[in-house]
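> Pasting in a structure now, in structure tokens, and then I'll have a few things to ask.
The values are calculated or read from the model by the stated rules, or taken from the named source; none is laboratory data. Treat the numbers as computed from the prediction; the structure is a model and nothing was measured. Cβ sites come from the backbone with ideal geometry, for glycine too, and all protein chains shown count toward neighbours. Just the protein is used for accessible areas: all its heavy atoms, side chains included, with ligands, DNA and RNA removed. Shrake-Rupley method; radii C 1.70, N 1.55, O 1.52, S 1.80 Å.
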Amino acid sequence: MINNFNLNDYPLWTALVTPFTDAGEVDYSVLEQLVTQQQTANNGILLLGSTGEGLALTLKEQQAIVEHVCQLAPTVPLMVAVGGMNLKQQVAWVEYCNQLPIHGYLLGSPLYAKPGVVGQTHWFESLLNASKHPCMLYNVPGRSAVAIPPAVISNLKDHKNLWALKEASGDIAKFEGFRNAAPELAIFSGDDALMPYFAQAGAKGLVSVAANAWPSQTHEFVKRSLSGQHPNLFADWSQAIQSLFAVANPIPVKVLMHLQGRINSPYLRPPLTHLELTQTDCINNANNTILSWH
């Protein structure tokens with residue numbers, strides 16, 4: 001079953017939250033429900049990304065989450081995030097996940113160290129070489145403290161395991177730089193709010209935070225954006241997404257999912273906390289607006 005998916009057939013990937021109990025343990029029964037919701041909406045699933053608080057989990061927890069979701073045998077593809085700053089550990093993580101029925105990796109830029117073109121090329125090439133699955137590189141300078149230069153993409157564009165790029169710098173002009181460096185590379189928006197702009201620029205889809213709270217509505221919005229049919233929804237969408245990023249992600253989306261009854265607790269691993277979001281009017285209004293679409 002592992003290779004039955006064409007990953008480009010999935011224009012929406014949900015960066016799945018990791019649900020916890022009030023005591024801070026992974027809530028596996030809720031995790032199963034979240035996987036079912038994404039499967040019903042036909043969204044690809046990304047595990048252990050920044051929205052999934054991947055770096056706040058122990059290695060054992062990361063392994064247990066991926067294994068648990070694999071055992072559910074979802075009918076949509078699974079992508080697993082690879083992130084950190086210790087290359088040896090990340091290669092070991094890829095080799096571990098290679099044994100499981102997953103379908104792709106999200107390869108984050110190395111954190112904190114701020115390597116240049118040579119260092120980043122070596123980092124990504126090492127992970128691409130270790131992988132048995134297609135890989136999406138992740139440009140998110142706001143979290144990693146370093147942007148992926150187009151030259152790195154140019155260096156790697158012919159690698160058989162390089163499938164896509166998640167562009168989350170917040171700068172639509174960066175899209176063109178990557179497109180010129182590797183015209184055949186699938187580029188996904190890493191920013192819910194910019195999806196309509198990315199669609200016009202030729203993006204393949206979206207890796208989404210919002211789809212946690214609104215799986216089918218976000219799926220529909222991405223579909224409409226890609227076919228150029230979004231204008232009447234864009235203002236509402238923009239405002240709703242703004243409310244989901246009022247404080248650090250994934251605080252607002254977890255608070256909203258708790259209010260929706262999708263997760264049992266809004267708990268986040270420190271240093272993040274739901275107490276950061278002092279009022280919920282905006283996310284409640286956003287929720288009412290988006291749910292009224294269907």
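> Once you order the gyration tensor axes a ≥ b ≥ c over the Cα atoms, which shape class does region 234-280 get: rounded for a/c under 1.5, otherwise prolate or oblate by comparing a/b with b/c?
It is oblate, given that a/c is not under 1.5 and a/b is not larger than b/c.
> For Cα Rg over 2.2 N^0.38 Å, several values are listed as [x] 0.93; [y] 1.14; [z] 0.99; flag the one computed from this structure.
[x]
> With unit charges on the beta carbon (Lys/Arg positive, Asp/Glu negative), name the residue among Val207, Asn139, Asn288 whose Cα is farthest towards the positive pole of the charge dipole of the chain.
Of the candidates, Asn139 comes out farthest on the positive side.
> If you don't mind, another one. In the chain, how many lysine pairs have Cα atoms under 15 Å apart, counting only pairs 8 or more places apart or on different chains?
Within the chain, the lysine pair count is 5.
> Keeping every protein chain present and rolling a 1.4 Å probe, give me the accessible area per residue for region 172-256 in Å².
36
> What is the distance, in nm, between label points placed 7 Å from the Cα along the Cα-to-Cβ direction at Glu276 and at Glu184?
4.0
> Rolling a 1.4 Å sphere over the protein heavy atoms, what is the accessible area per residue of region 1-125, to the nearest Å²?
Numbers: 5260 Å² over 125 residues.
Per residue, region 1-125 has an accessible area of 42 Å².
> Loop only by DSSP, 14 or fewer other Cβ within 10 Å of the Cβ. Give me the GluC sites (Glu not before Pro) in region 1-70 that pass, ordered by residue number.
Passing both the DSSP loop test and the Cβ count: Glu25.
> Using a 1.4 Å probe on the protein chains only, how many percent of the accessible area of region 34-81 belongs to carbon and sulfur?
54
> Relative contact order (percent) for the chain, with alpha-carbon contacts under 8 angstrom and 6 or more residues of separation? Working shown, then result.
On the way: 531 pairs, mean separation 53.7, N = 294.
Value for the chain: 18 percent.
> Taking all protein chains as present, what is the carbon and sulfur share of the accessible area of region 241-294, in % to the nearest whole number, probe 1.4 Å? Display every interim value, and only then the final one.
Working: 1450 of 2730 Å².
That share works out to 53 percent.
> Taking the Cα centre of the chain as origin, sum charge times position over the Cβ atoms of Lys and Arg (+1) and Asp and Glu (-1), and report the length of that vector in debye to the nearest 20.
Dipole magnitude for the chain comes out near 500 debye.
> With the cut-off at 1.5 for a/c, could you classify region 171-231 from its C-alpha gyration tensor as rounded, prolate or oblate?
Since a/c reaches 1.5 and a/b is larger than b/c, the shape of region 171-231 is classed as prolate.
> While we're here: Do you know the relative contact order of region 97-140, to the nearest whole percent, from alpha carbon pairs under 8 angstrom that are 6+ apart?
This gives 61 percent for region 97-140.
> Give the distance, in whole Å, between the Cα centre of region 256-294 and the Cα centre of region 169-199.
28
> Moving on to the next point. How would region 59-117 be classified by its alpha-carbon gyration tensor: rounded, prolate or oblate, with rounded meaning a/c under 1.5 and the a/b versus b/c comparison settling the rest?
prolate
> Now for a different question. So for the pair Asn86, Gln239, with labels modelled 7 Å out along Cα→Cβ, what separation do we get in nm?
Result: 4.8 nm between the two label points.
> Restricting to region 120-271, compute how many DSSP beta bridges are antiparallel as a %, nearest 5.
Within region 120-271, antiparallel bridges account for around 0 percent of the total.
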